[in-house]
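I have placed the structure first, in the form of structure tokens, so that the comments after it can refer back to it.
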Amino acid sequence: MPAAARLGVDIGSANTKAVLALADGGRIPLMPDGSPRMRSGVFALHGGGFLVGSSARAAAVEQPDRYLEDPISALGAGPVQLGDRAIEAHDIFAAILTAVHAEANRIVGHALSAVVLTVPPAWGRIRRDSLRQGATAAGFTDIVFVSSPAAVTTYLTSTTGQQVPSGGYVLVCDSGAAATTLTVLEQSDGGFQQLATVVATGAAGRDVDRLLALHLLDAVTPPGAPQLEEDANDPQWQSVLAAAEDAKVDLAEHDRTAVALHDPHPPVVVDRVALAKIAGPALAALDAATSEVLSAADIDRSHLFLVVLTGGGAALPGMKQAVAAATGHEPRLPGRTDIAAANGALTTATASTPLTTPLQLPRVKLRLTDFMRPALFAASSLALLAFVLMTLFTTNNASGLFVHLAEELISAAAVAAVLTTWSVAHLLPTLYLSTSNANPSEGAALIRATFSGAGVLGIVVSALFGLAIGALVGATTTEYASHAIVPALPVAAGALLIAALARSVPAPTIPTWLAHLRHPLAAVLLGSLGMIGMRYAVHAQISAGTSSVIIRLSAAITGIAIAMTVVRSRRLQVLTAVILAVGCFSVASLGNVRAITLAYVTGCVWWTATRVGVSARVAYPGLRERVHHLLATRSP
């Protein structure tokens with residue numbers, strides 16, 4: 001029957017792809033713009049209305065301020081200013097979907113009502129609701145959402161016959177124009193369940209475009225001559241960037257291409273080998289992102305049953321090899337990467353209705369270390385504080401009684417106390433969200449409540465530490481309280497900021513986000529051991545040679561703890577740990593014990609700042625791009 005026809009649409013940052021499922025079971029890739037890949041860019045016409053696809057891009061040459069190249073970036077950012085028009089995100093999506101809908105209606109001969117839309121794995125209610133509004137405005141009444149990684153994997157398995165066993169893990173690398181996203185799925189009786197998703201920062205298609213554009217400029221700029229600078233508002237830079245993008249697409253199918261640049265520059269010949277080398281710095285980000293997403297999913301590379309590579313960048317020279325090196329598995333590519341998501345979405349929606357529920361939380365993995373972390377952090381904090389008391393002594397001089405104590409250990413103990421409250425704040429929502437009947441809104445409320453409490457309680461406990469030391473030595477000022485509060489305050493403030501950002505974190509990203517908030521357990525234990533060891537060597541009645549050896553070894557251990565705290569990538573972590581361990585061992589002495597201890601405390605503050613930054617990126621994915629755009633438009 002005609003009513004059985006259904007449309008699958010995949011709106012990407014660069015291109016929109018659509019597949020029409022006919023009543024007889026056949027499927028047709030739509031070409032609303034003369035190609036299966038219609039550009040997602042939208043041009044706002046004077047007085048109302050839009051141009052989409054190639055027409056929009058052509059119109060943007062004369063009026064770039066009325067053109068939005070990436071509609072995905074508009075979501076969650078409020079109205080978008082295009083020329084003299086302030087346009088809501090759902091109106092932009094309505095323009096794109098209206099063009100696709102019209103082409104589908106032309107083919108089937110009547111108005112379609114059903115559409116299956118793919119959505120990125122990190123999207124929650126706000127962005128899905130905006131997309132739903134756009135689809136409704138375009139004339140659709142039966143609207144279903146399917147996660148892009150699940151759709152692509154379903155398409156691959158249905159077309160190749162390679163089935164993922166129940167409990168099998170799949171890593172999907174979606175190389176898009178605006179982001180390269182890695183997602184871990186687990187096959188269950190209800191279909192593919194998302195465990196974690198991570199964006200490989202710096203590995204997007206536009207990052208490769210930028211590197212290629214710079215290479216082209218280097219090739220045509222004479223030695224000593226000024227080179228064209230990156231400027232989003234410079235038509236010449238935009239021209240080079242567009243030429244780089246076209247060359248990248250051309251090299252996906254050909255061994256070499258000639259890139260035409262603006263006058264007076266001659267064309268530049270680029271081949272696939274050169275492009276793979278140029279893209280190397282961008283593709284290097286895949287290694288750290290793979291480790292991160294596997295850690296968030298609580299699995300390792302040996303657990304993966306299948307690795308899928310998809311997206312517009314899947315054919316980029318060097319991409320397949322980079323994914324293989326990062327995952328340890330040869331990635332499989334769908335037969336049609338351009339329509340894999342749209343086609344797979346149709347299959348997924350037909351086979352399983354539970355996948356259409358937009359607010360079901362992915363599973364949050366609970367680890368044994370989540371239970372151990374609060375107790376061990378508390379023990380470390382109390383051990384540091386106890387050692388302050390054990391090594392305290394007084395002397396008399398002309399000015400009166402003088403108290404000698406390890407003030408830096410007070411700071412370290414206070415920071416460890418705040419990290420204890422932080423770990424409790426992390427444990428409680430993790431424990432709740434690991435259950436099968438977890439409610440998204442209750443989980444988000446619990447995260448806000450626990451991290452708010454962690455921030456307040458952490459400051460109170462650190463202040464009590466300082467005041468207790470002051471009372472013990474008979475201090476009449478709050479000097480010792482300041483030693484505790486000042487370093488603890490940024491960590492506590494970080495917990496409060498995370499509580500504030502939790503409201504905007506999309507439900508599907510909560511597992512990965514919570515994994516980011518786990519402070520390294522081994523780092524705190526090693527750091528406490530190293531700091532106590534250094535202070536012991538200072539005060540113990542031992543020979544100078546033995547004291548020097550203990551200080552150096554303890555400093556090396558503290559250096560390793562600093563590396564584990566401030567560096568996330570496993571490979572960089574090992575390299576940094578070796579460098580800091582050797583460096584601290586070499587320079588450690590009685591005179592810089594305090595400095596090495598405070599370096600560890602500073603590392604904990606830095607870790608907190610990076611966790612807040614990660615939370616902000618998860619809560620507001622387009623924030624960085626919007627800030628860069630704002631700065632570019634306001635720069636002289």
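The values are calculated or read from the model by the stated rules, or taken from the named source; none is laboratory data. Worth saying up front: this structure is predicted, and the values here are computed from it rather than measured. Positions of Cβ are generated from backbone atoms using ideal geometry, with glycine treated the same way; all protein chains shown enter the neighbour counts. Accessible surface areas use protein heavy atoms only, side chains included; no ligands, DNA or RNA. Shrake-Rupley method; radii C 1.70, N 1.55, O 1.52, S 1.80 Å.
Between Asp300 and Leu529, what FRET efficiency follows from the Cβ-Cβ distance if R0 is 25 Å, with the result rounded to 0.05?
0.40
When the Karplus curve 6.51 cos²θ - 1.76 cosθ + 1.60 is applied with θ = phi - 60°, which whole-Hz ³J(HN,Hα) does each residue of the range 194-205 get, with x for Gly and Pro?
Listing the rounded values in order: 7, 9, 6, 8, 9, 8, 7, 4, x, 10, 6, x Hz.
At 7 Å along Cα-to-Cβ for each site, give me the label-to-label distance between Ser113 and Ser482 in nm.
It works out to 7.2 nm between the two label points.
Suppose every K and R has +1 on its Cβ and every D and E has -1 on its Cβ; what is the size of the dipole of the chain about the Cα centre, in Debye to the nearest 20?
Dipole about the Cα centre, nearest 20: 1360 debye.
Among Leu68, Val144, Thr450, which residue has its Cα furthest toward the positive end of the charge dipole of the chain, with +1 on Lys/Arg Cβ and -1 on Asp/Glu Cβ?
Thr450
Once Lys and Arg get +1 and Asp and Glu get -1 on their Cβ, which of Gly25, Leu97, Ile87 lies farthest toward the positive end of the dipole of the range 25-150?
Working it through, the farthest residue towards the positive pole turns out to be Gly25.
Rounded to the nearest 10 Å², what accessible area does Ser113 have for a 1.4 Å probe in the complete protein model?
50 Å²
Please give the residues of the range 521-565, grouped as numeric ranges, whose backbone N is less than 17 Å from a label point set 7 Å along the Cα-to-Cβ vector of Asn592.
So the set is 531, 534-535, 538, 548-563.
Once you list every other residue whose beta carbon is under 15 Å from the beta carbon of Ala502, what net charge do they have if Lys and Arg are +1 and Asp and Glu are -1?
Its environment carries a net charge of +4.
Express in nm, to one decimal, how much length is gained between Thr221 and Asp24 on full extension, taking 0.36 nm for each residue of separation and deducting their alpha carbon distance.
Once the chain is fully extended between Thr221 and Asp24, it gains 65.1 nm.
Could you work out [θ]222 nm for the chain from helices alone, using -39500 (n - 2.57) per DSSP H run of at least four and dividing by all its residues? Round to the nearest 500 deg cm²/dmol.
So the calculated ellipticity at 222 nm is -18000 deg cm²/dmol.
Between Ser543 and Arg336, what is the label-to-label distance in nm when each label sits 7 Å out along the Cα-to-Cβ direction?
8.0 nm
Between Leu575 and Asp142, with labels modelled 7 Å along Cα→Cβ, what's the label distance in nm to one decimal, could you check?
About 5.5 nm, to one decimal.
Excluding Ala244 itself, calculate the net charge of residues whose Cβ lies under 13 Å from the Cβ of Ala244, where each Lys or Arg counts +1 and each Asp or Glu counts -1.
Every neighbour counted, the sum reads -4.
For the chain, I need the span (max minus min coordinate) of the C-alpha atoms along each principal axis, in Å, sorted largest to smallest.
98, 65, 49
Report, as a whole number in µm² per second, the diffusion coefficient that Stokes-Einstein gives for the range 1-91 at 10 °C and 1.306 mPa s using the Kirkwood radius over alpha carbon pairs.
D, rounded to a whole number, is 111 µm²/s.
Could you order Met372, Met390 by accessible surface area, starting with the largest, using a probe radius of 1.4 Å?
So the residues, ranked largest to smallest area, are Met390, Met372.
Quick check: Cα centre of the range 537-554 to Cα centre of the range 95-109, how many Å?
The range 537-554 and the range 95-109 have Cα centres spaced 78 Å from each other.
How big is the dipole moment of the range 153-293 about its Cα centre under a simple scheme where the beta carbon of each Lys and Arg is +1, that of each Asp and Glu is -1, and everything else is neutral? Debye, nearest 20, please.
Using only the charged Cβ atoms, the result is roughly 280 debye.
Which lysines have a Cα lying under 16 Å from the Cα of Lys320, excluding residues fewer than 8 positions away in the same chain?
Lys248, Lys277
What net charge is computed for the residues neighbouring Thr610, neighbours being all others with C-beta under 12 Å from the C-beta of Thr610, Lys and Arg scored +1, Asp and Glu -1?
Overall, the nearby charge balance is +3.
Normalised by the empirical 2.2 N^0.38 Å for globular proteins, what value does the Cα Rg of the range 181-293 take?
Its radius of gyration relative to the 2.2 N^0.38 Å reference: 1.35.
Which value, in debye to the nearest 20, describes the size of the charge dipole of the range 55-177 about its Cα centre when Lys and Arg Cβ atoms bear +1, Asp and Glu Cβ atoms bear -1, and nothing else is charged?
The calculated dipole for the range 55-177 is roughly 280 debye.
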